[in-house]
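Working notes, structure below.
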């Protein structure tokens, strides 16, 4: 038997049993967030975007979503400085996704959104806003979303959500430590 460190996602989804109230409350209280993932995609090309994580409300709008679109990563993050389609989206650019272990971090500090891949900032957007318009009924999904037709395939080694924006130094430290906490 082969040992796998992490959760293998192959078409299903992990989700909160209802609204992710504790998560929503914590992020709205600080108006900041960080989502950090260590992943190994099953393929360097997935469409949808294939949902790694999402908070999608009953209205169909996303509070946030990190997904793989082709060979790039995309982040949709809603705040009051953006329109209902969460635009502009952050993207890593093409040929960013491989089938190797990847460290993905999205931060928002109330003023600037940033997307990092393997410790390197790949995209950012300076638009101030609050999380006051988030749909508080949204469950937290891992590996898919409410539609169940946006499956991401691969292994999730670590998922962390913070109610603050990690600094570039924090991200470098976590990248150097690796998914198990030390390299």
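Taken together, the values in this text are just the output of simple stated rules run on the coordinates, not laboratory data. For clarity, every value in this text was computed on a predicted model and none was experimentally measured. Positions of Cβ are generated from backbone atoms using ideal geometry, with glycine treated the same way; all protein chains shown enter the neighbour counts.
Laid out as a table, the results:
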{"quantity": "Among 72, 133, 19, residue whose mean-square fluctuation peaks in a GNM of the chain (springs only between Cα atoms under 10 Å)", "calculated": "133"}
{"quantity": "Pairwise label distance in nanometres, residue 80 with residue 7, each label 7 Å out on the Cα-Cβ vector", "calculated": "3.3 nm"}
{"quantity": "Equivalent ellipsoid dimensions for the range 1-43 as semi-axes, Å, which come from the Cα gyration tensor, largest first", "calculated": "29, 14, 9"}
{"quantity": "Where labels lie 7 Å past Cα in the beta-carbon direction, separation of residue 98 and residue 180 in nm", "calculated": "2.0 nm"}
{"quantity": "Which of 164, 114, 157 has the fewest Cβ neighbours within 10 Å, and the rest in rising order", "calculated": "164, 157, 114"}
{"quantity": "Per-selection metrics, the range 89-183 (Cα): Rg and Dmax in Å", "calculated": "14.6, 40"}
{"quantity": "Prolate/oblate/rounded call for the range 11-85, Cα gyration tensor, a/c under 1.5 rounded", "calculated": "prolate"}
{"quantity": "Estimated [θ] at 222 nm from DSSP helical runs (n ≥ 4, -39500 (n - 2.57)) normalised by residues in the chain, nearest 500", "calculated": "-3000 deg cm²/dmol"}
{"quantity": "Candidates 130, 107, 21: whichever shows maximal mean-square fluctuation once the chain is modelled as a Gaussian network with Cα springs under 10 Å", "calculated": "21"}
{"quantity": "Residue of 104, 53, 161 that the Gaussian network model of the chain assigns the largest fluctuation, springs spanning Cα pairs under 10 Å", "calculated": "161"}
{"quantity": "Prolate/oblate/rounded label for the range 50-144 (Cα gyration tensor, a/c 1.5)", "calculated": "oblate"}
{"quantity": "Relative contact order %, the range 12-177, counting alpha carbon pairs below 8 Å whose residues are six or more apart", "calculated": "36 percent"}
